[in-house]
Amino acid sequence: MIGRIGKGDILSGIPGSITGHDEVPFSLTEEFVSVYRMHSLIPDNIAFFDSETSDHKKTTPIEGVVFGKARDLLADGTLTWSNAFYSFGINYPGAITIRNHPKFLRDLSTPNGRHLDIATVDILRDRERGVPRYNEFRRLFHLKPAKTFSKLCGGNEALAADVASVYGNDIKKIDLLVGCLCEPLPKGFGFSDTAFRVFILMATRRLKSDRFIATEWKPKMYTKSGLKWIQDSTMKDVLGRHFPELKVVLKDVKNAFALWPKVGKAGMYNGPETNA
Ligand code: HEM
């Protein structure tokens, strides 16, 4: 309401402040890559619905819609783009938690001929890149390390016993990703507090390092109406502009990145894909 106060970002935020790299060339840090290994988000199956009639069209294993097959359902006329977006809006992702890696990523054949167990590769890459183990990582972030396996697992003794046996009872050895996936989540969180600390730093740094968001965030660069267009548009508006037929289902959606309401017959579908 009162506009910018000075060039700093503490009072007025990053857009419109001055670009800063903290004397380090910008890059996505290795620890950001590590906590972004969110492969558990990928569900085993996806249920597709018609965005206008809400009819269930097809439930398909995830491997049927990845890599070279990604366009098949659209190409053969089974789905329209708005059907696909509506379906992604009402399907649940997998929870970012331990013992929830999708089966197909554990037995993944990539188009370039690799056969991978991504659950293993996720851990292997961190180790070969020298990412500190969970407790050391937390110390370096000025967070308290987990004192016991039980504490790490939020009192889930069966899980704690399993993790302890995998790591030979040595709490120092727990890998960063495993620790993050075992950690009890703060209320309302979808991922661990440890990961959150990295995200909040990286998200800020990414904006602060981008001259089009920091220094150049002004009418001279974007025009007045350009800035208004950016500031007044949400993902919901973007979807509505491109797929006007989605406006009906998006009517009551506040945040297009959260789950959308199921309309009509889609609400009667019983599969776990839309009923987690
Ligand atoms: C169908 C879905 C997906 C497939 C097939 C897939 C596959 C892969 C593969 C093959 C790798 C490289 C493994 C290696 O280092 O050799 C990888 C890395 C990675 N994936 Fe995924 N992934 C999927 C979804 C996701 C999702 C949803 C996220 C996060 C939201 C994610 C985050 C990452 C990250 C952070 C890396 C490490 C990148 C790096 O080392 O620079 N992936 N994934």
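Selection of segment 140-158 for residues being assigned to a helix (DSSP H, G or I) and open to solvent by 10 Å² or more (accessible area, probe 1.4 Å) yields LEU140, PHE149, SER150, LYS151, GLU157, ALA158. When LYS265 is tested against (1) in contact with a Ser or Thr (Cβ under 6 Å, 6 or more places away or on another chain); (2) open to solvent by less than 70 Å² (accessible area, probe 1.4 Å), exactly one condition is not met: (2). The one condition from (1) at pLDDT 95 or above; (2) assigned to a loop (DSSP other than H, G, I, E, B) that ASP9 does not meet is (1). Scanning segment 243-262 for residues that are touching a residue at least 12 places away in the same chain (Cβ under 8 Å) and more than 25 Å from GLY190 (Cα to Cα) yields PHE243, GLU245, LEU246, VAL248. From the list LEU152, LEU159, LEU116, LEU124, the lone residue that is in contact (Cβ under 8 Å) with a residue 40 or more places away in the chain and out of contact with any Phe, Trp or Tyr (no Cβ under 7 Å at 6 or more places or on another chain) is LEU159.
Conditions tested, residue by residue: (1) open to solvent by less than 70 Å² (accessible area, probe 1.4 Å); (2) in contact with a Leu (Cβ under 8 Å, 6 or more places away or on another chain); (3) more than 30 Å from LEU239 (Cα to Cα).
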site	(1), (2), (3)
LYS69	no, no, no
LEU73	yes, yes, no
ASN91	yes, no, no
ASP107	no, no, yes
ASN112	no, no, yes
HIS115	no, yes, yes
ALA119	yes, yes, yes
VAL131	yes, yes, yes
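For segment 7-46, filtering for residues that are open to solvent by less than 50 Å² (accessible area, probe 1.4 Å), of a type outside the set (Val, Ile, Thr) and under 27 Å from LEU124 (Cβ atoms) leaves 6. In segment 247-268, the residue that is farthest from SER233 (Cα to Cα) out of those that are more than 20 Å from the chain's Cα centre (by Cα) and hydrophobic (A, V, I, L, M, F, W, C) is MET268. Where helices (runs of 4 or more DSSP H) fall wholly inside segment 40-139, the ranges with 3 or more residues that are within 14 Å of the ligand (Cβ to nearest atom) and either closer than 30 Å to GLY267 by Cα or over 19 Å from the mean Cα position of the chain (by Cα) (or both) are 103-106, 118-128. Reported count of residues in segment 222-246, each being over 22 Å from the mean Cα position of the chain (by Cα) and surrounded by fewer than 12 Cβ atoms within 10 Å (Cβ to Cβ), is 10.
The values are calculated or read from the model by the stated rules, or taken from the named source; none is laboratory data. Note that this is a predicted model, so its numbers are computed, not measured. Don't worry about glycine lacking a Cβ; one is built from the backbone with ideal geometry, like all the others, and counts go over all protein chains shown. Remember, those area values only see protein heavy atoms, side chains included, never the ligands or the DNA or RNA. Shrake-Rupley method; radii C 1.70, N 1.55, O 1.52, S 1.80 Å.
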